[in-house]
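Notes to accompany the following structure.
What follows draws every value from the coordinates through simple rules; no lab data is involved. Not measured: the values here are computed from a predicted model. With ideal geometry, Cβ positions are generated from the backbone for all residues, glycine too; neighbour counts draw on all protein chains shown.
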Amino acid sequence: MSTVLVVEDSRSQRECISHQLKCSGLNVIQASDGVEALDKIERNLPDLVLLDIVMPRLDGCGVCRLIKANPETRNIPVVFLTGKKQQLALFSRTLDRAEAYVSKPWQPRELLATIKKVLLNANIKFDRASADAWTEYGILNLSTIELYQSSADAWTKYSTQIVKLYDASLAAFDRALAIQPSHVNANKYRNKVQKIRGILMKKIEQSQPCKVCNYYYGKDGINCAVHPGGRPQEICRDWEFN
């Protein structure tokens, strides 16, 4: 039984699509945004990813780029699901990396036919990746970090995800060096990332977590951006990734 990861920030649409796929004999897992999707892909290695484009935190295009750049997931087919036709031209380069796309509002028969066709044509190859491929994947993770850090409150909102991306970059550069120890770019970026990550970890160790959620790092450990009033009944929106 093939497994499809449905990535859609609208809960009602996500549940509707998942129900249709399950009734068609497919195994389904769900994610509500790009960050959760990457975590589910790493844990489950689905046979296909059905991916919305416009989502919070990390959009579908960013997820697709990371999937296709990662030597371990690049052969997983991606089908985009989008209701904004005007964005197709804007995201044309990313769409070229996807196997197909379905426009909203989708028709159940069209959606199922597209997914089954892509699954049928998918030729999953777990070949040994080159050092260059692993290095490119590590660099792409660093580019994703830059997107997070462009936000004014990046550290209070995305500190855990930023550290995870640095770890993924280090792991990618290590894989590259295991294949080709003398790889110039892999060595250069690995040393750079190790230094930056060390500084970040010291910053975390010197900071006290938010007293409300015990997760985000707020100023002087009082409260974080998610809890400006320090109300204990509030729950961090990223608590499940802690």
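The fewest-to-most ranking of Trp106, Trp134 by surrounding Cβ atoms within 10 Å reads Trp106, Trp134.
Note the count of lysine pairs whose C-alpha atoms are less than 16 angstrom apart in the stretch 3-121, limited to pairs 8 or more residues apart or on different chains. Walk me through the intermediate numbers first.
Numbers: Lys22/Lys116; Lys40/Lys68; Lys84/Lys104; Lys85/Lys104.
Going through the stretch 3-121 pair by pair, I get 4.
Take Met201, Met55 and order them by how many other Cβ atoms sit within 10 Å, fewest up front. Write out the running numbers ahead of the final one.
Details: Met201 12, Met55 23.
Ascending number of Cβ neighbours within 10 Å: Met201, Met55.
The Cα atoms of the stretch 3-121 give a gyration tensor whose axes a ≥ b ≥ c have a/c under 1.5, which makes the shape rounded.
Between Ser182 and Leu200, 0.36 nm times their residue separation minus their Cα-Cα distance comes to what? List each step's numbers first, then the result.
Values: separation 18, 0.36 × 18 = 6.48 nm, distance 2.74 nm.
Between Ser182 and Leu200, full extension yields 3.7 nm more.
Ranking of Lys117, Lys202 by neighbouring Cβ atoms within 10 Å, starting from the fewest: Lys202, Lys117.
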